[in-house]
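Here is the structure we will look at, set down as structure tokens.
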Amino acid sequence: MTVSTKCLAVDDHPAVRQGLALLLAGTDDIDLVQSVDSGEAVMAAIKEHEPTVVIIDVRLPGIDGISAVKRIADEAPHVNTVVFSAYGDKRLLSDAIAAGARGYVLKGSPPEDLIRAIRTVEGGKAFVDPSLSPALLMTQEVADTPLSEREREILQLLAEGLHTEEVAGRIGLSAETVKSDTKRAITKLEADGRVHAVAIALRQALIE
């Protein structure tokens with residue numbers, strides 16, 4: 001029996017929420033458990049419905065989407081967020097990833113992209129709308145010294161959803177060494193954090 005991914009939708013436009021409900025109802029592995037219209041309602045809905053993926057707009061009344069993503073990352077780190085926005089500028093994308101978003105999809109993209117994003121982040125990997133890849137990589141050139149084999153291995157394991165301590169145990173290093181190597185990789189990729197570094201490495205085919 002297929003276990004459905006439980007999703008929460010956050011958007012202040014009723015038409016978008018209705019559209020998401022119809023889209024996800026057409027899948028057999030994704031269940032939209034609740035829709036809310038503001039960032040303020042997110043945490044209460046997460047506690048009540050226990051979703052594993054939150055689909056959220058960046059432009060929301062009151063608490064904006066980026067702030068809500070950061071709060072989810074801080075208070076419910078087991079929940080993956082997919083930003084679903086009409087805006088694709090580089091700053092918003094970078095801010096969303098830095099806040100902890102695991103996915104970013106444009107509202108104008110094919111519906112299948114959002115479904116693919118949900119499945120991808122549920123599987124422990126990052127997803128960035130294909131049309132935004134150039135924006136993500138713009139000015140994000142790899143430093144003269146490429147990632148070492150160990151740095152790439154660490155980012156690969158992080159992309160697979162492992163935590164620092166799990167990565168350390170997998171490759172036989174201390175957690176502090178893993179943290180140090182991760183910071184070095186972040187610097188080389190000029191990323192805003194480790195999730196951003198993983199996203200860049202994925203797009204540059206440095207990891208799978």
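The values are calculated or read from the model by the stated rules, or taken from the named source; none is laboratory data. From a predicted model like this one, the values you see are computed outputs, not experimental measurements. Methodologically, a virtual Cβ is constructed for each residue, glycine included, from the backbone with ideal geometry; neighbour enumeration extends over all protein chains shown.
See the values below:
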{"item": "Leading residue by the ranking (surrounded by the fewest Cβ atoms within 10 Å (Cβ to Cβ)) among those in region 80-104 that are modelled with pLDDT of 95 or more and of a type in the set (V, I, T)", "result": "V82"}
{"item": "Residues of region 24-54 satisfying the condition of being closer than 18 Å to A99 by Cα and within 19 Å of the chain's Cα centre (by Cα)", "result": "G39, V42, M43, I46, T52, V53, V54"}
{"item": "Members of region 80-136 that are small (G, A, S), farther than 18 Å from A191 by Cα and not in a loop (DSSP other than H, G, I, E, B)", "result": "S85, A117, S131"}
{"item": "Matching residues, region 93-123, being more than 28 Å from L157 (Cβ to Cβ) and touching a residue at least 12 places away in the same chain (Cβ under 8 Å)", "result": "L106, K107, G108, S109, P111"}
{"item": "Checking A201 against (1) in contact with a Ser or Thr (Cβ under 8 Å, 6 or more places away or on another chain); (2) assigned to a helix (DSSP H, G or I); (3) at pLDDT below 90, the condition it does not meet", "result": "(1)"}
{"item": "Flag for I30 being touching a strand residue (DSSP E or B) at 6+ places or on another chain (Cβ under 8 Å), modelled with pLDDT of 90 or more and more than 25 Å from A191 (Cβ to Cβ)", "result": "yes"}
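Residues are listed down the side, and each one gets a yes or a no for (1) without any contact (Cβ under 8 Å) to a residue 60 or more places away in the chain; (2) β-branched (V, I, T):
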{"site": "L155", "(1), (2)": "yes, no"}
{"site": "T164", "(1), (2)": "yes, yes"}
{"site": "G169", "(1), (2)": "yes, no"}
{"site": "L173", "(1), (2)": "yes, no"}
{"site": "T177", "(1), (2)": "yes, yes"}
{"site": "D181", "(1), (2)": "yes, no"}
{"site": "L189", "(1), (2)": "yes, no"}
{"site": "V198", "(1), (2)": "no, yes"}
{"site": "A201", "(1), (2)": "yes, no"}
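Quick grid of which residues meet (1) over 14 Å from the mean Cα position of the chain (by Cα); (2) at pLDDT 90 or above; (3) over 26 Å from Y87 (Cα atoms); (4) in the same structural domain as L32 (by TED's automatic domain parsing):
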| residue | (1), (2), (3), (4) |
| --- | --- |
| P110 | yes, yes, no, yes |
| I115 | no, yes, no, yes |
| A126 | no, no, no, yes |
| T139 | yes, no, no, no |
| A143 | yes, no, yes, no |
| G193 | no, no, no, no |
| H196 | no, no, no, no |
